[in-house]
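S.K.: One structure, pasted below without further comment.
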Amino acid sequence: MRDRFVVEGLNGQKTLKGEIRVGGAKNAVLKALAATVLFEDDVPMTNVPDIEDVKRMHELLDALKTQPTILKKDIAEKFRASIVLTGPVLARYGAVEFPFPGGCVLGERAIDLFLNGFRAMGATVEEDDSYFKITAGGGKLKGARIVFPLVSVTGTETLMMAAVLAEGITVLENAAMEPEIADLALYLNKCSAKIEGAGTPTITITGGGLLHAGGISYDTPPDRIETGSFAILAALAAEDVTITNCNPGWVEVPLALLRQAGVNIETGADYIRILASEVPYKMVSVRTHEYPGFATDLQAPMAVFMSQCEGEGSILETIFDGRFRYVDDLVVMGAKMTVMNPHRVLVRGPAELSRKNLTSPDLRGGLAYILAATVAEGTSTIDNAYLIDRGYQHIEERLQKLGLNIKRESVE
Ligand code: EPZ
């Protein structure tokens, strides 16, 4: 048995109304859960989203209680964020064994930056058919200066966490600047870690002993990808929708592009309100970039938006190759898109979309299909709901409240 979503399309009408609350960020809380390995006591957490990847991370952490240095293969292979556990486990126990991490198929997703970072900190790496085995020299990682040849979100987080328990000072250069990283560092510092510069390209960590939460909770920040996805949905289908409990400052670039297209947007400290505008949207072009640039995780939802804009635009995907797997289905629905190469898609619009039975290709692509089905004429289905549930908590219930006719059903 598996689930699928059934969406009755609005046929281009903008009728959604009401409020939609943004949940805690998947890509923040998963790292905070991994960071609990650095603590001598329990870490209280708030605003934790009820999503599949969080359940998997709990399963991995539970399994570590019996085998503290082994990340169980069957679980770790289900999601990429499992790899961030390697840093804290290696730093605390002096060794870690893990399989190649799973997650969305977005082309090549290597782990060389992690392995080279651990080596720089004095660890040795052995590899057999199914596991990597990393051992810290003398049982303890040593501080090092690590220059990332390319910007990696989980690479930065993993080595930052490992350095918290290493001997001496670690400097990470060309680090990722995602706000979830700065947010995590802020929390760890409250619990006696010494991390400076998180949120900038240079992070300096002075290693020390186990952290102590002492009852201070980690408050999961709002999910900026969910925020951006909802803003795109509202731009496509809202009469008047307010996205609440979010941080508009973390989605400035997508909002700027939507505004450039003509979307009527109002923002406050923690909300974004989108009202229907009469004029057709003007086409925009998108180039994905590390934060604060346009997030690659919003690329597929944005493609659906662009399909409804007037003119010709392009999407340049600079982070991953293999993140256009959704395009063929959108084209069958009626979108005018052409994949020029693994990094570039041309979009012409506006296009009328019509119903289709779809299968979610990955987490963000699946959300894009919900958007396309919402805009389309007729009733569409989106199979493989699990992939959407990995990152979006009870999506159908939240969209129903805006007036969308979407339901979940089980299929054989
Ligand atoms: C994180 O993935 C997110 N995942 C992704 O979100 C997000 O798309 C991505 O960052 C970019 O913003 C989590 O935080 C769990 P990277 P990550 O390392 O860290 C290459 C979602 O839908 N690379 O920043 O895996 C890599 O192939 C997911 O929520 C190496 O070459 O991405 C890519 O081209 C999908 N060697 C580039 O770096 C390495 O060792 C950036 O990837 C590591 C990465």
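S.K.: Can you find, among 185, 231, 334, the residue farthest towards the positive end of the dipole of the chain? Put +1 on the C-beta of Lys and Arg, -1 on that of Asp and Glu.
M.R.: Projecting each Cα onto the dipole axis, the largest value belongs to 185.
S.K.: Return the single residue from 188, 371, 210 with maximal mean-square fluctuation; model: Gaussian network over the chain, springs between Cα atoms under 10 Å.
M.R.: 210
S.K.: Next question. Sorted by accessible area with a 1.4 angstrom probe, largest first, how do 345, 332 fall?
M.R.: Descending order: 332, 345.
S.K.: Only Lys, Arg, Asp and Glu count, each charged at its Cβ (+1, +1, -1, -1), so figure out the dipole size of the range 27-219 about its Cα centre, rounded to 20 debye.
M.R.: With Lys and Arg at +1 and Asp and Glu at -1, about 400 debye.
S.K.: Here's something else I'd like to know. Calculate how many DSSP beta bridges within the range 27-219 are antiparallel, expressed in % of all such bridges and rounded to the nearest 5.
M.R.: On the way: 17 of 26 bridges.
Rounded to the nearest five, the antiparallel share is 65 percent.
S.K.: So, taking all protein chains as they sit and a 1.4 Å probe, how much accessible area belongs to residue 36, in Å² rounded to tens?
M.R.: 40
S.K.: Next question. Restricting to bridges with both residues inside the chain, how much of the DSSP beta-bridge set is antiparallel, in percent to the nearest 5?
M.R.: 70
S.K.: Something else: So how much accessible area does residue 41 have, in Å² to the nearest 10, using a 1.4 Å probe?
M.R.: Accessible area of residue 41: about 40 Å².
S.K.: Just tell me which lysines come within less than 20 Å, Cα to Cα, of residue 282; anything on the same chain fewer than 8 places away is out.
M.R.: 14, 336
S.K.: Taking the Cα centre of the chain as origin, work out the dipole magnitude from +1 charges on Lys and Arg Cβ and -1 charges on Asp and Glu Cβ, in debye rounded to 20.
M.R.: So the dipole magnitude of the chain works out to roughly 280 debye.
S.K.: Just the accessible area for residue 80, please: 1.4 Å probe, Å², rounded to the nearest 10?
M.R.: 30
S.K.: Here are some pairs, 55/78; 72/133; 78/407; 133/194; 31/78; 31/72; which of them have Cα atoms lying more than 19 Å apart in this structure?
M.R.: Numbers: 55/78 11 Å; 72/133 13 Å; 78/407 26 Å; 133/194 28 Å; 31/78 16 Å; 31/72 17 Å.
Distance filter (> 19 Å) returns 78/407; 133/194.
S.K.: So how tilted is helix 26-35 from the main axis of the chain? Cα-based, degrees 0 to 90, rounded to 10.
M.R.: Result, in degrees: 10.
S.K.: In the Gaussian network model of the chain, springs joining C-alpha atoms below 10 Å, which of 249, 313, 138 carries the largest mean-square fluctuation?
M.R.: Of 249, 313, 138, the most mobile in the Gaussian network model is 138.
S.K.: Additional query: So how tilted is helix 363-375 from the main axis of the chain? Cα-based, degrees 0 to 90, rounded to 10.
M.R.: Helix 363-375 sits roughly 10 degrees off the main axis of the chain.
S.K.: Among 350, 246, 22, pick out the residue whose Cα is farthest towards the positive end of the charge dipole of the chain, where Lys and Arg carry +1 and Asp and Glu carry -1 on C-beta, about the Cα centre.
M.R.: Final value for the positive-end residue is 350.
S.K.: Work out the FRET efficiency for residue 6 and residue 63 from their Cβ-Cβ distance, taking R0 = 25 Å, and round it to the nearest 0.05.
M.R.: 0.10
S.K.: So how tilted is helix 179-190 from the main axis of the chain? Cα-based, degrees 0 to 90, rounded to 10.
M.R.: With both axes taken from Cα atoms, the answer is about 40 degrees.
S.K.: Which one of 122, 268, 24 has the biggest mean-square fluctuation once the chain is modelled by GNM with Cα springs under 10 Å?
M.R.: Comparing 122, 268, 24 in a Gaussian network model of the chain, the most mobile one is 268.
S.K.: Return the whole-Å distance between the Cα centroid of the range 379-393 and the Cα centroid of the range 192-211.
M.R.: 37
S.K.: Can you work out the FRET efficiency for the pair residue 409 and residue 127, with r the C-beta to C-beta distance and R0 = 35 Å, to the nearest 0.05?
M.R.: It comes to 0.20.
S.K.: Considering only 360, 320, 94, whose Cα is most displaced toward the positive end of the charge dipole of the chain, charges sitting on Cβ of Lys, Arg (+1) and Asp, Glu (-1)?
M.R.: 320
S.K.: Right, next: Using r as the Cβ-Cβ distance of residue 259 and residue 338, and R0 as 35 Å, what FRET efficiency do you calculate, to the nearest 0.05?
M.R.: E between residue 259 and residue 338, to the nearest 0.05, is 0.85.
S.K.: In straight Cα distance, which aspartates and glutamates are under 19 Å from residue 190, not counting same-chain residues fewer than 8 positions off?
M.R.: Cα-Cα hits under 19 Å: 40, 41, 42, 157, 180, 219.
S.K.: A further question follows. How much length would be gained if the chain were fully extended between residue 174 and residue 386, taking 0.36 nm per residue of separation minus their Cα-Cα distance, in nm to one decimal?
M.R.: Using 0.36 nm per residue and subtracting the Cα-Cα distance, I get 72.9 nm.
S.K.: Size of the dipole of the range 245-389 about the Cα centre, Lys and Arg at +1 and Asp and Glu at -1 on the beta carbon, nothing else charged, in debye to 20?
M.R.: 260
The values are calculated or read from the model by the stated rules, or taken from the named source; none is laboratory data. Remember, predicted model here, so these are calculated numbers, not experimental data. Glycine also receives a Cβ, built like all others from the backbone with ideal geometry; neighbour counts cover every protein chain displayed. With ligands, DNA and RNA removed, areas are computed over all heavy atoms of the protein, side chains included. Shrake-Rupley method; radii C 1.70, N 1.55, O 1.52, S 1.80 Å.
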